[in-house]
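Asks: My questions will all concern the structure given below.
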Amino acid sequence: MDIRTLPLGMLETNCYILNNGTGVLIIDPSGEAEVIAGEIEKIGLPVEGILLTHAHFDHIGALEETAWVYGADTWVGSEEADWLSDPDKNGSGKYKSMGMEPISAAVEPNILEEGSMQIGSFEFEVINTPGHSPGSMSFLFGDFVVSGDVLFSGGIGRTDLYMSNHIDLINSIREKLYVMDEDTDVYPGHGPATTIGQEKSSNPFVRG
């Protein structure tokens, strides 16, 4: 599996483009739709779907344009389906005074459910990891997991946002992520990749 990491948008949120040699899966089209399109053009394979780890504004900045250009279905947790079109819920509304346009993506999403899933030629596990947001999902593709804003290299997601819950976040990390093989690579919503073993041994917020 080829994994391309694109830190995009005002918060340099990681957009991931997965290429399995047959098709492409986009995870969190965070911004700069033209950059995403440029990478897709280089790969030259069809986009089979768009996955959202959660629906905060910095993870959906290029969602509407990307979904429209490729005609790809979008998938998100049920608790956050209406956040895509609601700037107050997705967090973009509070930055209007700073000159940022509120983000509202006119996309009708499909709903993710925990368990095994297949989108086109991609097979993976959907893991419910609430805390940073109520509908946060992580995606396990065999030897790597895309964790969104749940677990970072040396950090964890914020829990001072709309409908965040710190206890839920810690439980998600311990009960859903730290039970994975320690060699599992972790691709977070921000910053560099890490491994489950590295975070269990040294993450100052949640030790294994």
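Asks: If only one of L177, L169, L161 is surrounded by fewer than 16 Cβ atoms within 10 Å (Cβ to Cβ), out of contact with any helix residue (DSSP H, G or I) (no Cβ under 6 Å at 6 or more places or on another chain) and hydrophobic (A, V, I, L, M, F, W, C), which one is it? Break it down into steps so the answer makes sense when it comes.
Replies: On the way: L177 fails: surrounded by fewer than 16 Cβ atoms within 10 Å (Cβ to Cβ); L169 fails: surrounded by fewer than 16 Cβ atoms within 10 Å (Cβ to Cβ).
Sole residue among the options that is surrounded by fewer than 16 Cβ atoms within 10 Å (Cβ to Cβ), out of contact with any helix residue (DSSP H, G or I) (no Cβ under 6 Å at 6 or more places or on another chain) and hydrophobic (A, V, I, L, M, F, W, C): L161.
Asks: Among (1) modelled with pLDDT of 95 or more; (2) assigned to a loop (DSSP other than H, G, I, E, B); (3) closer than 25 Å to Y162 by Cβ, which single condition is I50 missing?
Replies: I50 satisfies every listed condition except (2).
Asks: Among G31, G38, which is the only one that is small (G, A, S), farther than 26 Å from G142 by Cα, modelled with pLDDT of 95 or more and surrounded by 17 or more Cβ atoms within 10 Å (Cβ to Cβ)? Break it down into steps so the answer makes sense when it comes.
Replies: Numbers: G38 fails: surrounded by 17 or more Cβ atoms within 10 Å (Cβ to Cβ).
Going through G31, G38 in turn, the sole match is G31.
Asks: Here are some residues: S133, S153, S78. Which one is at pLDDT 95 or above and more than 24 Å from A193 (Cα to Cα)?
Replies: Numbers: S133 fails: more than 24 Å from A193 (Cα to Cα); S153 fails: more than 24 Å from A193 (Cα to Cα).
Testing whether each residue is at pLDDT 95 or above and more than 24 Å from A193 (Cα to Cα) leaves just S78.
Asks: Further, regarding this structure: Scan segment 107-128 and give yes if some residue there is over 17 Å from the mean Cα position of the chain (by Cα), small (G, A, S) and surrounded by 14 or more Cβ atoms within 10 Å (Cβ to Cβ), otherwise no.
Replies: Yes, segment 107-128 contains at least one residue that is over 17 Å from the mean Cα position of the chain (by Cα), small (G, A, S) and surrounded by 14 or more Cβ atoms within 10 Å (Cβ to Cβ).
So that you can scan it fast, the table gives a plain yes or no per residue for (1) within 24 Å of S30 (Cα to Cα); (2) not aliphatic (A, V, I, L, M):
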{"residue": "E114", "(1), (2)": "yes, yes"}
{"residue": "S121", "(1), (2)": "yes, yes"}
{"residue": "M137", "(1), (2)": "yes, no"}
{"residue": "F152", "(1), (2)": "yes, yes"}
{"residue": "S164", "(1), (2)": "yes, yes"}
{"residue": "I167", "(1), (2)": "no, no"}
{"residue": "V206", "(1), (2)": "no, no"}
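Asks: N14 fails exactly one of the following numbered conditions: (1) assigned to a loop (DSSP other than H, G, I, E, B); (2) more than 17 Å from V69 (Cα to Cα). What is the number of that condition?
Replies: In the conditions (1) assigned to a loop (DSSP other than H, G, I, E, B); (2) more than 17 Å from V69 (Cα to Cα), N14 misses (1) alone.
Asks: Right, here's the next one. Do you know which residues across segment 41-91 are surrounded by 21 or more Cβ atoms within 10 Å (Cβ to Cβ) and of a type in the set (S, T, Y)?
Replies: T53, T66, T74
Asks: Filter segment 58-92 down to residues that are at negative phi and either in a loop (DSSP other than H, G, I, E, B) or hydrophobic (A, V, I, L, M, F, W, C) (or both), then give me how many there are. Walk me through it before giving the result.
Replies: Initially, segment 58-92 is screened for residues at negative phi, giving 58-70, 72-90, 92.
Checking which are either in a loop (DSSP other than H, G, I, E, B) or hydrophobic (A, V, I, L, M, F, W, C) (or both) leaves us with 60-63, 67-69, 72-73, 75-76, 81, 83-84, 86.
Going through segment 58-92 one residue at a time, the tally reaches 15.
Asks: Within segment 180-207, which residues are in a loop (DSSP other than H, G, I, E, B), more than 20 Å from the chain's Cα centre (by Cα) and under 19 Å from L140 (Cα atoms)? Spell out the reasoning first.
Replies: Here is the first cut: in segment 180-207, the residues in a loop (DSSP other than H, G, I, E, B) are 180-184, 189-193, 203-207.
Checking the rest, the ones that are also more than 20 Å from the chain's Cα centre (by Cα) come to 181-183, 203-207.
Answer for segment 180-207, where residues must be in a loop (DSSP other than H, G, I, E, B), more than 20 Å from the chain's Cα centre (by Cα) and under 19 Å from L140 (Cα atoms): D181, E182, D183.
Asks: Looking at segment 1-15, I want the residues that are over 12 Å from I27 (Cα atoms) and have a partner that is modelled with pLDDT under 95 with Cβ atoms under 8 Å, at least 6 apart or on another chain. Which pairs are those?
Replies: Going by the 8 Å Cβ cut-off, the qualifying pairs are M10/M100.
Asks: Evaluate the following for W68: is it closer than 22 Å to P134 by Cα and of a type in the set (F, W, Y)?
Replies: Here the answer is no, as W68 does not meet what is asked.
Asks: Tally up the residues in segment 129-141 that are touching a residue at least 60 places away in the same chain (Cβ under 8 Å) and either surrounded by fewer than 22 Cβ atoms within 10 Å (Cβ to Cβ) or among the aliphatic types (A, V, I, L, M) (or both), please.
Replies: Kept after step one, since they are touching a residue at least 60 places away in the same chain (Cβ under 8 Å), are these residues of segment 129-141: 132-133, 135-139, 141.
Add one more test, that the residue is either surrounded by fewer than 22 Cβ atoms within 10 Å (Cβ to Cβ) or among the aliphatic types (A, V, I, L, M) (or both), and what stays is 137, 141.
Matching residues across segment 129-141 total 2.
Asks: Could you run through segment 17-47 and say how many residues are under 23 Å from G131 (Cα atoms), not in a strand (DSSP E or B) and not polar (S, T, N, Q)?
Replies: The total comes to 2.
Asks: Any idea which of (1) farther than 30 Å from P204 by Cβ; (2) at pLDDT 95 or above; (3) of a type in the set (G, A, S); (4) part of a helix (DSSP H, G or I) is the one S172 doesn't satisfy?
Replies: Result: S172 passes all but (1).
The values are calculated or read from the model by the stated rules, or taken from the named source; none is laboratory data. This is a predicted model, so every value here is computed, not measured. Cβ coordinates were reconstructed from backbone atoms using ideal geometry, including for glycine residues, and neighbour counts include every protein chain displayed.
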